Amino acid sequence: MDAIRNIVILTGAGISAESGLRTFRADDGLWEDHRVEDVATPQGFRRDPDLVQRFYDERRTNILAAEPNAAHEALARLDREFGGELLIVTQNIDDLHERAGAGRVLHMHGEGLSAWCLACDARHRWTGTLLDEPPCPSCGEVALRPDIVWFGEMPYRMDQIFAALARADMFVSIGTSGAVYPAAGFVQEAKSHGARALELNLERSQGSQWFDETRLGPASELVPAWVDEVLSA
């Protein structure tokens, strides 16, 4: 580990599942018992905005009720104590990394506790409902939507992510299925620049063959053990 000075970590739904947040996409393809097309696309929002706002109001309530687990806390410790470069790229819309104390976090799929104004492009922390069509605090227009990257939309800050992957000595994937692009391709991108790749997951992901090492088990056990290794090297 003494050669590792630049780490990029990708976290997915598996790291928050132990905090009681359901993984978004179930085996039957539904997102929290709804069709993806109905609640996670711009077209679904235009067709039935009330359904989409209710859906994300519920997600917001669930996020606020959840607490960080040992995996989130271990990554926050790594953020505090690791002397090299670190970027935690999360596919999750919860704020559990931040509440555990991590600062170097990038939400590529948006944030559940954020509202985005389509009129003025402002973003605001939001913990209440959007169903009653509140005005934007910045411009006063009634044009707020969940600040979530839906299918068909570009994930946030991809230039920053790919720049970090190009510099990484180590890429670590935690609790991800390896099924959703572009995140599923990060391991290949990092390895093309010479990074070592480690997968920490309950089961092998669809991209397991790209990793140098896979460790299977709960994130709350695997992540603290790995962080101990990094910080003791």
Note on segment 72-111: C-alpha Rg/Rh, Kirkwood Rh, two decimals, gives 0.95
Taking amide hydrogens as modeled 1.01 Å from N in the peptide plane, which residues meet the under 5 Å criterion relative to Asp94, leaving out close sequence neighbours?
-> Gly112
May I ask you to derive the relative contact order of the chain, considering only C-alpha pairs under 8 Å and at least 6 residues apart, and to give it as an integer percent?
-> 24
Inter-part distance where segment 103-148 and segment 154-207 are each reduced to a Cα centre, Å = 27
Net charge over other residues, Cβ less than 11 angstrom from the Cβ of Cys136 (K, R count +1; D, E count -1) = -1
Given the protein chains as shown and a 1.4 Å probe, how many square angstrom of Phe45 are accessible, to the nearest 10?
-> 30
Shape call, segment 164-233: gyration tensor on alpha carbons, a/c limit 1.5 = oblate
Within segment 171-204, whose backbone N sits under 14 Å from a point 7 Å along Cα→Cβ of Glu229?
-> 171-174, 196-201
Read phi for every residue in segment 217-231 and hand back ³J(HN,Hα) as whole Hz from Karplus 6.51 cos²θ - 1.76 cosθ + 1.60, θ = phi - 60°, with x for Gly and Pro.
-> x, x, 4, 5, 9, 5, 5, x, 5, 5, 4, 4, 4, 4, 7
Determine how large the accessible area of Ser232 is when every protein chain is in place; take a 1.4 Å probe and give Å² rounded to the nearest 10.
-> 90
Would you compute, from DSSP H runs of 4+ residues alone, the mean residue ellipticity of the chain at 222 nm, taking -39500 (n - 2.57) per run and dividing by the full residue count, rounded to the nearest 500?
-> -9500 deg cm²/dmol
What are the residues whose amide H is under 5 Å from the amide H of Val172, where those residues sit 5 or more places off or on another chain and H is modelled from the backbone?
-> Val8, Ile9, Leu10, Leu198
Rounded to the nearest whole Å³, what is the per residue volume of the convex hull around the Cα atoms of segment 82-142?
-> 105
Pairwise label distance in nanometres, Thr129 with Arg80, each label 7 Å out on the Cα-Cβ vector = 3.9
Please work out which option in [x] -0.47; [y] -0.57; [z] -0.40 gives log10 I(q)/I(0) by the Debye sum over Cα atoms at q = 0.10 Å⁻¹ calculated from these coordinates, and answer with its label.
-> [x]
The correct pair for segment 1-132, radius of gyration to one decimal and Dmax as a whole number, both in Å and from Cα atoms, is 16.4, 54
Per 5 Å bin from zero, what fraction in whole % of the C-alpha pairs of segment 97-233 is there, up to the bin with the longest pair?
-> 2, 9, 14, 17, 17, 14, 9, 8, 6, 3, 0
Express the carbon and sulfur contribution to the solvent-accessible surface of the chain as a percent, rounded to the nearest whole number, probe 1.4 angstrom.
-> 48
Assigning unit charges at the beta carbon (Lys, Arg +1; Asp, Glu -1) and nothing else, what dipole magnitude in debye, to the nearest 20, does the chain show about its Cα centre?
-> 400
Compute the signed sum of charges (Lys and Arg +1, Asp and Glu -1) over the other residues within less than 11 Å, Cβ to Cβ, of Pro42.
-> +1
Per-residue SASA entry for Ile7, accessible area with 1.4 Å probe, Å² rounded to 10 | 0
Enter the accessible area per residue of the chain (Å², integer; probe 1.4 Å; all protein chains in place).
-> 46
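The values are calculated or read from the model by the stated rules, or taken from the named source; none is laboratory data. Given the structure is predicted, the values throughout are model-derived calculations rather than measurements. When we count neighbours, we look across all protein chains shown, and the Cβ atoms used for this are built from the backbone with ideal geometry, even at glycine. SASA here: full protein model, heavy atoms, side chains in, ligands and nucleic acids out. Shrake-Rupley method; radii C 1.70, N 1.55, O 1.52, S 1.80 Å.
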